[in-house]
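What follows draws every value from the coordinates through simple rules; no lab data is involved. Remember, predicted model here, so these are calculated numbers, not experimental data. Cβ sites come from the backbone with ideal geometry, for glycine too, and all protein chains shown count toward neighbours.
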Amino acid sequence: MHQDVYYIVRNQANKKEKISILHGVSGYFNPGEMAAVMGPSGSGKSTLLDLLAGRKTMGEQKGDILFSGVQPTRAFLRRYTGYVEQFDTLLPELTVREMLLYTAELKCEMSEPLSKKRARVDQLLELLALQGCSGTLIGDTLARGISGGQAKRTNIGIALITHPRVLFLDEPTSGLDSYTAHEVMTVVRGLCKRGITICATIHCPPPHTFTLFDRALIMQRGRTAYFGLNGQPAIDYFYNHFEKNENLAEWIVDITTDADRQGSDKFTAVYRDSQQRKQTDVEVAALVEAECNNVSKATLKVCGPFVMPYAAAISIQYYRTANNYRCWLYLFGRLFDKTCFTFLTATFYLWVGANNTAENAPNIAGLLFMWVILPAYGAGPYLPAIVMERPVYVREMSDGLYSPLTYLMYKMIEELFMAFLMSIAFSLPVYYLCKLQGSFFIVWLVWLVSLADGIAFAYATAAVSPNMDIANAVLLTYPTALLFAAGFLLRWVDIPRYWIWCAPHMQLDAISILDIRH
């Protein structure tokens with residue numbers, strides 16, 4: 001339940017000014033009920049949902065948000081509530097079954113046997129009517145996979161892995177046609193039979209979908225325009241404005257939107273002075289006073305679904321890395337440019353190292369310079385991995401499944417394992433065809449270190465960039481800076497001290513000294 005909830009943030013245009021997004025919103029949702037939070041765009045329904053789910057980390061919150069009369073901890077919310085985001089956040093390289101099992105590995109206790117986790121997944125596949133597509137790849141815009149309705153149900157399955165007592169859904173019918181939307185909400189409605197409380201924001205559901213909800217909270221401009229039972233009680237409340245055979249849900253959204261555009265608060269004003277509001281206040285106060293004991297204080301102290309970092313990393317690698325290594329697009333992006341670099345280097349500098357005369361020294365220096373710099377140009381294909389996985393990362397971080405260090409560890413191990421193999425495969429032809437002198441180990445190690453530097457910079461760039469366009473623009477500065485600071489175009493002693501940190505001189509010095517000594 002929530003009582004007199006306010007949410008205040010700073011005005012982006014004027015940081016000194018504060019604005020209230022929610023204004024004294026009250027209501028409650030009983031176990032086994034499905035409630036709709038409705039209203040026009042900007043009415044505050046998603047903000048309220050995020051507050052109820054404990055997902056707002058900024059701004060100032062006032063009022064009480066209680067679960068069975070007790071204020072929950074963050075760990076409790078992560079363990080006993082599920083949250084389904086508006087947009088699907090799935091891994092396209094996994095099948096539906098693999099996606100659910102991967103989430104079960106992260107969310108469930110480490111001591112729980114794998115057989116029990118598989119049983120959880122099988123139960124969810126049956127509950128959400130996903131058996132028929134359990135072995136189908138989720139897919140994306142490049143590779144066709146499951147349908148929109150199946151993707152939405154898979155997202156719901158992810159939230160249900162830990163058997164939550166409350167399920168929050170943000171616009172679950174967004175992007176779906178009326179038939180698919182009704183199909184999804186019918187499946188969600190079936191969860192109420194298990195005692196799960198459902199709270200969903202929904203913009204304008206079809207009539208047959210709207211009737212699935214037990215309770216409705218209508219919002220306008222951050223205030224309550226109606227809270228109460230759906231169906232006939234809602235019709236009776238809006239009786240003076242409601243026309244027979246009209247879609248009540250669509251009509252409510254239309255009139256509140258129209259009033260919103262005109263700057264009118266007439267519906268919230270009517271509700272504020274109505275008997276319906278007084279009844280709601282009495283019911284909420286009674287629930288708070290009763291302090292229902294459905295959830296004990298011992299339960300509220302339970303740890304969330306957070307697992308140890310190393311265990312999470314192992315789980316992530318098992319499901320995601322193996323599938324990435326089987327994806328031709330993933331491999332192509334990492335192998336094609338390096339293959340071209342190797343071919344160009346080996347053919348342009350063919351046998352150049354066999355001639356150790358002074359006249360050939362510039363050619364050898366050019367070869368060594370390119371060998372150190374080229375991996376920096378191969379950092380581009382590593383950007384999409386972070387940018388495209390960001391929605392999944394944000395969702396899993398919000399669920400408390402692992403720490404940022406765990407994710408970084410997983411990504412670096414995944415990439416460096418392939419970089420280790422690539423560096424050997426690409427160093428061999430260059431070393432022997434270009435007749436480089438000295439130890440092959442040093443030549444290989446220089447390539448590997450340079451490539452690892454490029455991967456790390458690409459990941460750092462992707463992490464701070466809002467989209468791929470900006471990430472690509474920023475990444476181009478990396479190889480350009482290395483060109484200037486490598487000590488080839490400008491002598492090492494002439495490089496300004498404030499650019500010394502950028503120079504890859506250790507790699508270049510190592511390979512140059514090795515070649516000169518031999």
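Other residues with beta-carbon under 11 Å from the beta-carbon of VAL392 carry, at +1 per Lys or Arg and -1 per Asp or Glu, a net charge of -2.
In terms of the Cα gyration tensor, with a ≥ b ≥ c the square roots of its eigenvalues, is the chain rounded because a/c is under 1.5, prolate because a/b exceeds b/c, or oblate?
Details: a/c = 2.79, a/b = 2.31, b/c = 1.21.
Verdict is prolate for the chain.
Computed on segment 2-298, the Cα convex hull volume stands at 157 Å³ per residue.
Comparing ILE156, PRO113, THR103 along the charge dipole axis of segment 2-298, the residue lying farthest to the positive side is PRO113, per the Cβ-charge model.
Using R₀ = 60 Å, calculate the FRET efficiency as 1/(1 + (r/R₀)^6) where r is the Cβ-Cβ separation of VAL288 and ALA358; round to 0.05. Let's see the in-between values first.
Numbers: r = 90 Å, r/R0 = 1.49.
Efficiency for this residue pair is about 0.10.
Taking 11 Å as the cut-off, the amide N atoms of segment 202-232 that come nearer than this to a point 7 Å along the Cα-to-beta-carbon line of THR186 belong to 209. Checking the cross-link filter: which aspartates and glutamates have an alpha carbon closer than 17 Å to that of LYS435, excluding same-chain neighbours under 8 positions apart? Output for LYS435: GLU359, ASP515. Taken along its principal axes, the alpha carbon cloud of segment 309-517 reaches lengths of 63, 38, 28 Å, longest axis first.
Mind checking the dipole of the chain: about its Cα centre, +1 per Lys or Arg Cβ, -1 per Asp or Glu Cβ, Debye to the nearest 20? Provide the component values of the computation, followed by the final result.
Working: 46 positive and 46 negative charges, 170 e Å.
My answer is approximately 820 debye.
The ranking of HIS2, HIS163 from fewest to most other beta carbons within 10 Å of each one's beta carbon is HIS163, HIS2. Taking 0.36 nm per residue of separation and subtracting the current Cα-Cα distance, fully stretching the chain between VAL394 and MET468 would add 24.9 nm.
The Cα atoms of segment 382-461 define a convex hull whose projected area, averaged across directions, is 5.8 nm².
In the chain, helices alone account for a calculated mean residue ellipticity at 222 nm of -16500 deg cm²/dmol, with every DSSP H run of four or more residues adding -39,500 (n - 2.57).
From least to most packed, judged by other beta carbons within 10 angstrom and beginning with the fewest, ARG320, ARG497, ARG189 follow the order ARG497, ARG189, ARG320. Summing charges over all other residues whose Cβ lies under 15 Å from the Cβ of TYR83, with Lys and Arg as +1 and Asp and Glu as -1, gives +3. What FRET efficiency comes out for the pair MET58/PHE484, r = Cβ-Cβ distance, R0 = 35 Å, nearest 0.05? So the FRET efficiency works out to roughly 0.30. Summing Lys and Arg as +1 and Asp and Glu as -1 over all other residues whose Cβ lies under 12 Å from the Cβ of PRO164 gives a net charge of +4. In a simple Cβ point-charge model (Lys, Arg +1; Asp, Glu -1; nothing else charged), segment 2-298 has a dipole of about 780 debye relative to its Cα centre.
Tell me, GLU17, GLU396 in order of fewest to most beta-carbon neighbours within 10 Å?
Numbers: GLU17 9, GLU396 21.
By the 10 Å Cβ count, ascending, the order reads GLU17, GLU396.
Summarising the label geometry, the points placed 7 Å from Cα in the beta-carbon direction at LEU408 and TRP351 lie 4.9 nm from one another. Under 5 Å from the amide H of VAL37 lie the amide H atoms of ALA200, THR201, ILE202, LEU217, each residue being 5 or more positions distant or on a separate chain, with H modelled from the backbone and absent for Pro and chain starts.
Using 0.36 nm per residue and subtracting the Cα-Cα separation, the extra length available between LEU142 and GLU112 on full extension is 7.2 nm.
When the chain is described by a simple charge dipole with +1 on each Lys and Arg Cβ and -1 on each Asp and Glu Cβ, the residue from LEU374, PHE213, CYS502 located farthest towards its positive end is CYS502. Modelled spin labels at ALA13 and PHE440, positioned 7 Å past Cα toward Cβ, are 6.8 nm from each other. Of the cross-linked pairs LYS152/LYS266; LYS117/LYS338; LYS16/LYS62; LYS16/LYS278; LYS16/LYS152, those separated by over 29 Å at the C-alpha level are LYS152/LYS266; LYS117/LYS338; LYS16/LYS278; LYS16/LYS152. Note on TRP501 and GLN131: with the Förster distance fixed at 60 Å, the Cβ-Cβ geometry gives a FRET efficiency of about 0.60. Site pair ASP494 and SER20 shows an inter-label distance of 6.8 nm when each label is modelled 7 Å from Cα along Cα→Cβ.
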